[in-house]
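Colleague: Mind having a look at this structure? Questions to follow.
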Amino acid sequence: MPEGDAVARTCARLHQALAGRSLTVADLRWPGISTADLTGQVVTEVRPYGKHILIRVDNGWTVHAHLKMEGRWRVWATGAPEALRAARSPAARAVLTNSEWTAVGFSLGMLDLVRTRDEPGLIGHLGPDVLDPGFDAARAVANLALHPGTIGSALLDQTRLAGLGTIWTSESLFAQRLSPWTPAAQLSTAALAALVERARRLITASLSQPIPTTTGDRRRGEGTYVHGRSGRPCRRCGTAVRLAPIGPETRERALSYCPTCQGGIAPTDDGRPQAPLGSSPSPRGFR
């Protein structure tokens with residue numbers, strides 16, 4: 001699932017293409033809103049909140065979208081053959097067109113049309129957006145401290161802190177030398193604050209990159225310290241990086257970690273060898 005930085009980049013592109021322009025086509029292919037008519041309305045802005053996309057128009061309505069696992073938005077010049085083909089695709093769930101640009105949302109996980117004043121009904125349950133310029137770090141820390149589970153599952157819980165997924169959760173915990181399976185309630189306020197600051201710094205730095213990177217190395221497979229590197233040497237100590245499930249049953253996610261740098265084998269890890277994904281450069285990384 002795209003994380004907050006990827007969603008923010010999507011919103012920036014949509015805002016560039018749609019904001020300040022009148023819609024000539026607003027085709028929302030979703031039950032309950034497919035007959036809505038937004039043609040002639042001006043898009044005022046496209047804003048992210050965590051992993052959610054908010055497309056606001058000047059008559060007081062908001063098109064809300066969530067990419068979930070497979071969703072994506074693409075933009076083409078209006079009238080281009082690619083735009084015409086995209087609009088006819090069975091996977092297209094939203095087509096928003098103005099005189100210059102056509103934006104198509106494919107395989108969206110959620111699509112809603114609500115009054116802008118009613119947006120809290122869709123996103124009000126979320127924690128502070130880690131990429132919000134007005135980010136409330138104290139609230140985020142308090143939310144994480146109250147989580148009944150592990151710190152890894154707390155960071156993935158969008159009601160505690162919005163925008164992080166398995167990439168930035170794994171990378172932030174590795175950077176702080178914390179086990180993802182540490183109970184959140186056992187961490188001090190200072191430790192939680194440092195972790196939140198690290199996560200915010202890492203995901204913010206990624207905003208300007210086409211793919212997530214914490215190492216600064218943009219080569220395929222070399223952009224992270226632990227995420228996606230199961231079986232390969234830890235860049236800090238050389239121990240094989242591992243992958244294990246975390247979170248409540250039926251909602252488990254998989255996090256990457258180094259057992260040496262992060263407190264030992266996870267309680268959900270069976271300890272069996274995990275095949276490396278490829279060769280690795282010499283260990284290097286956070287100190």
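Colleague: So, in region 223-247, how many residues would count as being closer than 24 Å to residue 131 by Cβ and either without any contact (Cβ under 8 Å) to a residue 40 or more places away in the chain or in a loop (DSSP other than H, G, I, E, B) (or both)?
Modeller: Count: 7.
Colleague: Here is a follow-up. When you scan region 66-82, do you find a residue that is within 21 Å of residue 3 (Cβ to Cβ) and touching a helix residue (DSSP H, G or I) at 6+ places or on another chain (Cβ under 6 Å), even just one? First the steps, then the outcome.
Modeller: First pass over region 66-82, keeping only residues within 21 Å of residue 3 (Cβ to Cβ): 66-75.
If we keep only those that are touching a helix residue (DSSP H, G or I) at 6+ places or on another chain (Cβ under 6 Å) as well, we get 73, 75.
Checked region 66-82: at least one residue is within 21 Å of residue 3 (Cβ to Cβ) and touching a helix residue (DSSP H, G or I) at 6+ places or on another chain (Cβ under 6 Å).
Colleague: Can we say residue 169 is open to solvent by less than 10 Å² (accessible area, probe 1.4 Å) and not in a loop (DSSP other than H, G, I, E, B)? Reasoning before the result, please.
Modeller: Details: open to solvent by less than 10 Å² (accessible area, probe 1.4 Å): yes; not in a loop (DSSP other than H, G, I, E, B): yes.
Spelling it out, residue 169 is indeed open to solvent by less than 10 Å² (accessible area, probe 1.4 Å) and not in a loop (DSSP other than H, G, I, E, B).
Colleague: Sticking with this structure for a sec: Given the structure, is residue 267 surrounded by 14 or more Cβ atoms within 10 Å (Cβ to Cβ) and either β-branched (Val, Ile, Thr) or more than 21 Å from residue 220 (Cα to Cα) (or both)? Before you say what the answer is, go through the steps one by one.
Modeller: Details: surrounded by 14 or more Cβ atoms within 10 Å (Cβ to Cβ): no; either β-branched (Val, Ile, Thr) or more than 21 Å from residue 220 (Cα to Cα) (or both): yes.
Judged against the criteria, residue 267 is not a match.
Colleague: Are there any pairs with C-beta distances below 8 angstrom linking a residue in region 10-24 that is at positive phi and open to solvent by 60 Å² or more (accessible area, probe 1.4 Å) to a residue that is outside any helix (DSSP H, G or I) and among the polar types (S, T, N, Q), with the two at least 6 apart or on different chains, and if so which?
Modeller: 20/44
Colleague: Of all residues in region 73-107 being within 20 Å of the chain's Cα centre (by Cα) and without any contact (Cβ under 8 Å) to a residue 60 or more places away in the chain, which is most open to solvent (accessible area, probe 1.4 Å)?
Modeller: 74
Colleague: Let me ask you something else. Find the residue count for region 113-139, including only residues that are touching a Lys or Arg at 6+ places or on another chain (Cβ under 9 Å) and either acidic (Asp, Glu) or under 16 Å from residue 178 (Cβ atoms) (or both).
Modeller: 1
Colleague: Only one of 39, 62, 35 is hydroxyl-bearing (Ser, Thr, Tyr), modelled with pLDDT of 95 or more and not in a loop (DSSP other than H, G, I, E, B); which? Even if it seems obvious, please write down each step before you answer.
Modeller: Numbers: 39 fails: not in a loop (DSSP other than H, G, I, E, B); 35 fails: not in a loop (DSSP other than H, G, I, E, B).
Among 39, 62, 35, only 62 is hydroxyl-bearing (Ser, Thr, Tyr), modelled with pLDDT of 95 or more and not in a loop (DSSP other than H, G, I, E, B).
Colleague: Show the residue pairs meeting these rules: Cβ distance below 6 Å; 6+ apart or different chains; first residue within region 187-206 and closer than 16 Å to residue 223 by Cβ; second residue open to solvent by 30 Å² or more (accessible area, probe 1.4 Å) and outside any helix (DSSP H, G or I).
Modeller: 206/212
Colleague: May I ask you to list the residues in region 126-140 that are farther than 18 Å from residue 53 by Cα and surrounded by 23 or more Cβ atoms within 10 Å (Cβ to Cβ)?
Modeller: Scanning region 126-140 gives a single hit, 140.
Colleague: Among the residues of region 108-117, which ones are surrounded by fewer than 14 Cβ atoms within 10 Å (Cβ to Cβ) and of a type in the set (Asp, Glu)? If you could, list the steps in order and put the result at the bottom.
Modeller: Step one: of region 108-117, the residues surrounded by fewer than 14 Cβ atoms within 10 Å (Cβ to Cβ) are 115, 117.
Hits for region 108-117: nothing passes.
Colleague: Which ones in region 42-59 are in a strand (DSSP E or B) and free of Cβ contacts under 8 Å to residues at least 60 places away in the same chain? Break it down stepwise before answering.
Modeller: Initial filter on region 42-59 (in a strand (DSSP E or B)): 42-49, 52-57.
Scanning region 42-59 gives 42, 43, 44, 45, 46, 47, 53, 55, 57.
Colleague: Which residue out of 148, 233, 183, 212 is at pLDDT 95 or above and within 28 Å of residue 122 (Cβ to Cβ)? Even if it seems obvious, please write down each step before you answer.
Modeller: Numbers: 233 fails: within 28 Å of residue 122 (Cβ to Cβ); 183 fails: within 28 Å of residue 122 (Cβ to Cβ); 212 fails: at pLDDT 95 or above.
Of the residues listed, the single one that is at pLDDT 95 or above and within 28 Å of residue 122 (Cβ to Cβ) is 148.
The values are calculated or read from the model by the stated rules, or taken from the named source; none is laboratory data. Model, not experiment: these values are computed from the prediction. Cβ: placed from backbone, ideal geometry, glycine included. Neighbour counts: every protein chain shown. Surface accessibility is based on the protein's heavy atoms, side chains included, excluding ligands, DNA and RNA. Shrake-Rupley method; radii C 1.70, N 1.55, O 1.52, S 1.80 Å.
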